[in-house]
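The structure appears right after this line, and notes come after that.
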Amino acid sequence: MSWEDFLLTGRRSPTPMFNGAAECSQEIDVEVQGGKLNLFKNFDMNIIIIQIFVFLIVICSCCLAQEISFTERSALIAFKSQLILEPTDKLSSNWSSKAHFCSWFGVSCSNQRVVALKLPGLDLRGTVSPHVANLTRLVEIDLSNKLEGPLPSELGSLQLLRIFNVTNNSFSGNIPANLSWCKDLEELYISNSFITGSIPEEFGLLSNLKALRLNNNNLTGKVPTSLGNLSKLEYFYLHENDLNGEIPASTADLFSLKLLSFRGNNFSGSIPHSIFNISSLQIVDFSINGLSGTLHSDMGKQLPNLKRLFLDSNRITGEIPSFLSNATKLSYLFFTENDLQGSIPREFGRMLNMIFLDFEYNRISGNIPSGVFNISSLHILKTRHNYLSGHLPGDFGKWLPNLQEIFLSHNLFSGELPSTVCNATKLVSLEVSNNSFSGPLPKKLGNLVDLQHLNLQVNRFVNEPHHSSVPGCLPSSRLDQLDQEKACTGKCHYHCQYGSS
């Protein structure tokens, strides 16, 4: 078959198109409709042209790689130049021109590109150079030091960044809003760094964010409702700022949340009830704010993983929800300094993982449920300054092998102090002052060898004739103070404190 046939019919010739290497260089003319089509003037020349083209691509790639390498090295040198270094500092000696920058301390590379700059805890001083943004393949930045000045807005161009940690610095100015351009960000830590201004509304665009720590700064304004879009967020820290307004209802949309800490701000209004429907929550801290309103009656129904709940130092009213006992993993529960009323729910005796239970400075009345004194994991119980009444259970202390501190003062308790309190052998502090306890003190009180603080004053304990002082004072401790003041009833009030003066 001729070449003309091949071109016109598209069918292959049964014989080889070229026979031997010699034919590769011959001129091939094909007649097409009376003319000639010159397919290959010189086949060897085409091979050479292709080789030259490939060679140029390789050369250009090498040039580009060298240019990128120069850019990244220059960015690191610019970063170093903004630091105040001593000759003994790690970066002074290690970041040397004699070594490739990928071998420098704190620098990690992949395919000769910088992917991580990790220099935490070196007490570095100086400012953050905007040239860091030229390290365009950066995935992680950790500069937890003593850096100052503003955070460069250019950092928003680091499109591959996943972890950004600049905690424990002394920055000035605001959080750059264009950090929201870093769409792959998963962890953002700018805590304890003196940052001012407000939380950027644009942060609601960081759809991959799992951890956001902006705590211990001087942030003001309200929490943007847009942060409710961060559906992957697990750890949310805003504590110790000057934020105000109400807690956004959109916070309840953070259905992956495990830790939520808004402590120590100026939040007001009630806590959105739907927040307590986030079943993944493990720690919630709304303490030291101006929050008010009541707690929903079914609070705790949807909190199977909750371990710590801090609502202390607010203005919360109403009763303590009994459904909180459904949060069976709860180990720390703080209601201190609110305006709660009613009684301690009887169901709280089923909270068998409780370690620290605190109801101080409220208006709670009634008895302490006897089941509470059977929680063997309990370390600390505080109920001071309430209206609690009744007698302590006769086996008080018998099932509290881990109890270290108990504060029951300034209530309306009566009856005797059960001798079984001495079974709580790890007791360090026992305070039952300003109640109406009566009868003799337990004779084995002195067997509590770890006891350092004992306050029994303003009660009606009987001073038995064979007791010249509080019985069984610790042989291993020094009695700092013992007051026996006669009341009008003729009874004695004891105030006994152990420890160093």
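Once backbone amide H atoms are built at 1.01 Å from N, L291 has R315 as its partners under 5 Å, excluding neighbours fewer than 5 places away on the same chain. Among the listed pairs K183/K222; K232/K301; K258/K426; K80/K183; K98/K146; K329/K443, those with a Cα-Cα distance over 30 Å are K258/K426; K329/K443.
Subtracting the Cα-Cα distance of E86 and K398 from their residue separation scaled by 0.36 nm leaves 106.2 nm. Computed from label points 7 Å out along Cα-Cβ, the spacing between V462 and S274 is 6.2 nm.
Amide H contacts of G415 (H built 1.01 Å from N, in plane; Pro and chain starts excluded): S438 sit under 5 Å, all sequence-distant by 5 or more or on other chains. A straight chain from K329 to H391 at 0.36 nm per residue would run longer than the Cα-Cα distance by 19.5 nm. Stretching N111 away from E416 to a fully extended chain increases their span by 102.2 nm, per 0.36 nm per residue minus the current alpha-carbon distance.
Expressed as a whole number of Å, what is the distance separating the alpha-carbon centroids of the range 206-272 and the range 417-433? Cα centres, the range 417-433 to the range 206-272: 41 Å. For the range 417-433, the Karplus equation 6.51 cos²θ - 1.76 cosθ + 1.60, evaluated at θ = phi - 60°, returns couplings of 7, x, 5, 5, 4, 5, 6, 7, 5, 9, 4, 10, 10, 10, 10, 10, 5 Hz by residue, with Gly and Pro reported as x. Backbone geometry of the range 241-251 corresponds, through the Karplus equation with coefficients 6.51, -1.76 and 1.60 at θ = phi - 60°, to 3J(HN,Hα) couplings of 10, 10, 5, 9, x, 8, 6, x, 4, 5, 4 Hz, x marking Gly and Pro. Size descriptors for the range 153-247 (Cα atoms only): Rg and Dmax, in that order, 12.1, 34 Å.
A crude spin-label estimate for the pair I77 and E347, with each label 7 Å from Cα along the Cβ direction, gives 6.9 nm.
Expressed in Å, the radius of gyration and Dmax of the Cα atoms of the range 219-293 are 11.2, 30.
Here each label is just a point 7 Å from Cα along the line to Cβ, and for F194 and V449 those points are 5.1 nm apart. Which order results if C182, C102 are arranged by neighbouring Cβ count within 10 Å, fewest first? Ranked by crowding around the Cβ, least crowded first: C102, C182. Our coupling estimate for the range 353-366, obtained by passing each phi through the Karplus curve with A = 6.51, B = -1.76, C = 1.60 and θ = phi - 60°, is 9, 5, 10, 9, 10, 9, 10, 4, 6, 9, 10, 7, 10, x Hz, Gly and Pro reported as x. Consider a paramagnetic label point 7 Å from the Cα of D123 along Cα→Cβ; state which residues of the range 139-160 have an amide N under 12 Å from it. Within reach of a label on D123, which here means backbone N under 12 Å from a point 7 Å along Cα→Cβ, the range 139-160 contributes 146.
Taking every Cα-Cα distance in the range 317-404 and sorting them into 10 Å bins from zero, the calculated P(r) comes out as 18, 55, 27, 1 percent. Once backbone amide H atoms are built at 1.01 Å from N, C109 has V115 as its partners under 5 Å, excluding neighbours fewer than 5 places away on the same chain.
Only the coordinates and a few stated rules stand behind these numbers; no lab work does. This structure is a prediction, so every number in the text was calculated from the model and none was measured. Counting neighbours? That spans all protein chains shown, and the Cβs are built from the backbone with ideal geometry, glycine included.
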